[in-house]
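The values are calculated or read from the model by the stated rules, or taken from the named source; none is laboratory data. All values derive from a computational prediction rather than experimental measurement. When we count neighbours, we look across all protein chains shown, and the Cβ atoms used for this are built from the backbone with ideal geometry, even at glycine.
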């Protein structure tokens, strides 16, 4: 038991000297572990897990660069990028979704709409395993967008169109709200605001994506927008034909905001066969793949 505890607290060699000093508290008798900042514990745990999974680790002043099989992931220090990396890359959160796509798709020139792209890890994961012809990224946070662009650039991904905004039911003015869940980088939600709000910005809808990108079918739609799915599905409720033009969907439904049963019913009525895997509801539109 003691050995397992020590191994779980082992200090990653890539931590900075001052961070190693703080992490040493974990070895001391008593309850010093609770005084270690949560971001540092997350960072240390995930760096160790990356090494255990044969990832190469490098760093600069602002980020760790974790790479394997020719793909690199830029992870900002002291950020939730580590948690997103753990979920999407290490734990392969979208592996069941990937299997579903491969089962029903010929995997030729697919387009991917990634709503709530964060820093691009889900897009990188799907792009690695599928023949993605175009990536449409939607992300409202300027800081997340900056790192997303770095991740795409470092992996030579150019088949992208980035919308620095949020996805909503209709075109309106939105602003970022940091009061959702833990309020960190991966928990930024959107709320409507007025035209005079200096923090406001214009948003887009799924219908806009069809028109702007000049596509008839969205092959893959991933939605993780911190409760904003409630607003997006209002548009589908008004016009269910929009859902009929989407082949595969992966959506994280935030129960404290959205009505899961209602969203599931809308998907089923549009021809989707759905299942919930972990935090994500995945589905295939049988009308488009049979």
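Do we find a residue being assigned to a strand (DSSP E or B), surrounded by fewer than 17 Cβ atoms within 10 Å (Cβ to Cβ) and modelled with pLDDT under 95 anywhere in segment 177-185?
Yes, segment 177-185 contains a residue that is assigned to a strand (DSSP E or B), surrounded by fewer than 17 Cβ atoms within 10 Å (Cβ to Cβ) and modelled with pLDDT under 95.
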### Summary
Among the residues of segment 70-121, the number that are under 18 Å from the mean Cα position of the chain (by Cα), more than 18 Å from residue 221 (Cβ to Cβ) and part of a loop (DSSP other than H, G, I, E, B) is 7
### Message
Any residue at all in segment 53-73 that's over 20 Å from residue 153 (Cβ atoms), in contact with a strand residue (DSSP E or B) (Cβ under 8 Å, 6 or more places away or on another chain) and not assigned by TED's automatic domain parsing to the domain that holds residue 138?
### Response
yes
### Query
Any residue in segment 192-209 that is out of contact with any helix residue (DSSP H, G or I) (no Cβ under 7 Å at 6 or more places or on another chain), closer than 18 Å to residue 110 by Cα and at pLDDT 90 or above?
yes
### Query
Can you name the residue in segment 239-255 that is within 19 Å of the chain's Cα centre (by Cα) and not in a strand (DSSP E or B) and, of all such residues, is farthest from residue 103 (Cα to Cα)?
255
### Query
For segment 278-290, what are the residues that are at pLDDT 95 or above and in contact with a helix residue (DSSP H, G or I) (Cβ under 6 Å, 6 or more places away or on another chain)?
282, 283, 284
### Residue check, residue 237 touching a helix residue (DSSP H, G or I) at 6+ places or on another chain (Cβ under 7 Å), assigned by TED's automatic domain parsing to the domain that holds residue 127 and surrounded by fewer than 18 Cβ atoms within 10 Å (Cβ to Cβ)
yes
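Out of everything in segment 134-170 that is outside any loop (DSSP other than H, G, I, E, B) and at pLDDT below 95, what residue ends up being nearest to residue 99 (Cα to Cα)? Talk me through it step by step, then tell me what you get.
Of all residues in segment 134-170, those outside any loop (DSSP other than H, G, I, E, B) come to 134-138, 142-154, 160-163, 167.
This time we only want the ones that are at pLDDT below 95, so: 142-144, 167.
Numbers: 142: 32, 143: 32, 144: 28, 167: 26 Å.
So, considering only residues that are outside any loop (DSSP other than H, G, I, E, B) and at pLDDT below 95, the one nearest to residue 99 (Cα to Cα) is 167.
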### Query
For residue 50, which of the numbered conditions (1) surrounded by 18 or more Cβ atoms within 10 Å (Cβ to Cβ); (2) closer than 30 Å to residue 204 by Cβ; (3) touching a strand residue (DSSP E or B) at 6+ places or on another chain (Cβ under 8 Å) fails to hold?
(2)
## Note on the structure
Over segment 141-181, the set of residues within 24 Å of residue 62 (Cα to Cα), touching a residue at least 60 places away in the same chain (Cβ under 8 Å) and over 16 Å from the mean Cα position of the chain (by Cα) is 154, 155
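Mind checking which residues of segment 96-109 are touching a strand residue (DSSP E or B) at 6+ places or on another chain (Cβ under 9 Å) and closer than 23 Å to residue 276 by Cβ? Full working, then the answer.
Step one: of segment 96-109, the residues touching a strand residue (DSSP E or B) at 6+ places or on another chain (Cβ under 9 Å) are 96-97, 100-101, 103-105, 108-109.
Within segment 96-109, 96, 97, 100, 101, 103, 104, 105 meet the criteria.
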